[in-house]
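Peer 1: Sharing a structure here in structure tokens format.
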Amino acid sequence: MNANKTSRFADETHVAAPTGKQTVRGVIVSTKAGSNDFGNTYRMTVKVTTPAGVYLVNSTIPASIFDACEDALQNENGWIYALKGCEIQFAATLERSDSDHFAFAKRPTKAAILAVPCEKARRFQPWKDEPIAAE
């Protein structure tokens with residue numbers, strides 16, 4: 001348990017994030033857009049739940065996830081906002097930050113949207129028991 005009881009994560013047990021090449025499967029809890037000298041950047045933070053607890057992974061949003069948005073999500077405020085709450089999976093090399101329960105992902109590949117919240121899903125899409133997009 002976290003010592004800070006006023007935190008929105010007070011009821012969660014944080015575990016150390018793994019390092020090295022990993023398959024990450026979790027729910028997108030935040031997204032962020034920015035720009036720099038090289039163009040626009042889009043990042044996401046994914047909350048991964050394990051039997052022992054949870055950890056967070058921050059990564060760029062792979063292009064294949066944006067490509068899958070058109071098939072899976074309703075776009076009311078932009079794709080970056082529509083992705084919050086979606087369950088995704090991708091492979092990447094993880095490096096822990098200063099906090100043990102937080103890691104940064106490098107070069108995410110094989111990204112796919114696994115589940116979409118009902119309120120964000122496109123209503124006309126037939127059900128398929130497979131990932132919505134895969135690289």
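Peer 1: Please give the solvent-accessible surface of K84 in Å², to the nearest 10, using a probe radius of 1.4 Å with every protein chain present.
Peer 2: Estimated to the nearest 10 Å², K84 gives 70 Å².
Peer 1: Let me ask something else about it. How far apart, in nanometres, would the label points at K106 and K84 be if each is projected 7 angstrom from Cα along the Cα-to-Cβ direction?
Peer 2: Each label point lies 7 Å from its Cα, and together they span 3.0 nm.
The values are calculated or read from the model by the stated rules, or taken from the named source; none is laboratory data. Fair warning: this is a prediction, and the values are worked out from it, not measured in the lab. Here the Cβ is made from the backbone with ideal geometry for all residues, glycine too, and neighbour counts use every protein chain on show. We work out accessible area using only protein heavy atoms, side chains counted, and drop any ligands, DNA or RNA first. Shrake-Rupley method; radii C 1.70, N 1.55, O 1.52, S 1.80 Å.
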